[in-house]
Amino acid sequence: MRIRIATEADIDLLYEIGSKTFIETYGHQNTPENLKKYLEEKFNRTQILNEIQTPQTIFLLVELENKVIGYSKMRVNLTENVDENALEIERIYISKTHHGQKYGAYLMQKCIDIALENNYTSLWLGVWEHNPKAIEFYQKWGFEVFGKHIFQLGDDAQTDFLMKKTFTQPV
């Protein structure tokens, strides 16, 4: 297994793994129409290219035997009341066929390492209130709920818990 930073050459891979893992995670709890609308807006190749070209955005790909099995998207985003020096994990997904095999843990550790290497004081994310498995995963990594916001999935306004992990700075 290896984790690497995605480049413009990886747009198709990001499109495929992003769409696949989003449907695997939320498809059974949302209407096909809302999923389709969200995916068309957020997981199209033009959008992914724009995001890769944004300096404040980092995509990581998890590869196993030359196949992408997961990814994350991190970005500097101050849209929420988070520390001024915070990095957001906007997306972190592992393909359902590879759940329970520690790949999510490796990816989370890489996100934390990047945040620390770049002197961020905290890492934060939004997680759907109806995703207890993910909430438990983040809590195990030291993330704590600090608020809520609305996540628009098609025509459905859903509530996300905002969770944050603060890094202690050496004295």
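Let's see how each residue does on (1) β-branched (Val, Ile, Thr); (2) in contact (Cβ under 8 Å) with a residue 60 or more places away in the chain; (3) in contact with a Pro (Cβ under 7 Å, 6 or more places away or on another chain):
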residue	(1), (2), (3)
MET1	no, yes, no
HIS28	no, no, no
TYR38	no, yes, no
PHE43	no, no, no
GLN47	no, no, no
ILE58	yes, no, no
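From the list GLY154, GLY104, the one residue that fits, being out of contact with any His (no Cβ under 8 Å at 6 or more places or on another chain), surrounded by 15 or more Cβ atoms within 10 Å (Cβ to Cβ) and at positive phi, is GLY154.
Can you say whether GLY18 is within 29 Å of LYS110 (Cα to Cα), buried (at least 17 other Cβ atoms within 10 Å of the Cβ) and of a type outside the set (S, T, N, Q), as far as the supplied structure shows? Here the answer is yes, as GLY18 does meet what is asked. Of all residues in the range 3-14, those being touching a residue at least 12 places away in the same chain (Cβ under 8 Å), assigned to a helix (DSSP H, G or I) and not β-branched (Val, Ile, Thr) number 5. GLU90 meets the conditions (1) within 18 Å of TRP128 (Cα to Cα); (2) without any contact (Cβ under 8 Å) to a residue 60 or more places away in the chain; (3) among the acidic types (Asp, Glu); (4) not in a strand (DSSP E or B) in every case but one. The failed one is (4).
The test for being assigned to a helix (DSSP H, G or I), in contact (Cβ under 8 Å) with a residue 12 or more places away in the chain and farther than 25 Å from HIS149 by Cα holds for ILE17. Counting the residues of the range 58-79 that are within 17 Å of the chain's Cα centre (by Cα) and at pLDDT below 95 gives 5.
The values are calculated or read from the model by the stated rules, or taken from the named source; none is laboratory data. All values reported here derive from a predicted model rather than from experimental measurement. A quick note on method: Cβ atoms are made from the backbone with ideal geometry, for glycine too, and the neighbour counts reach across all protein chains shown.
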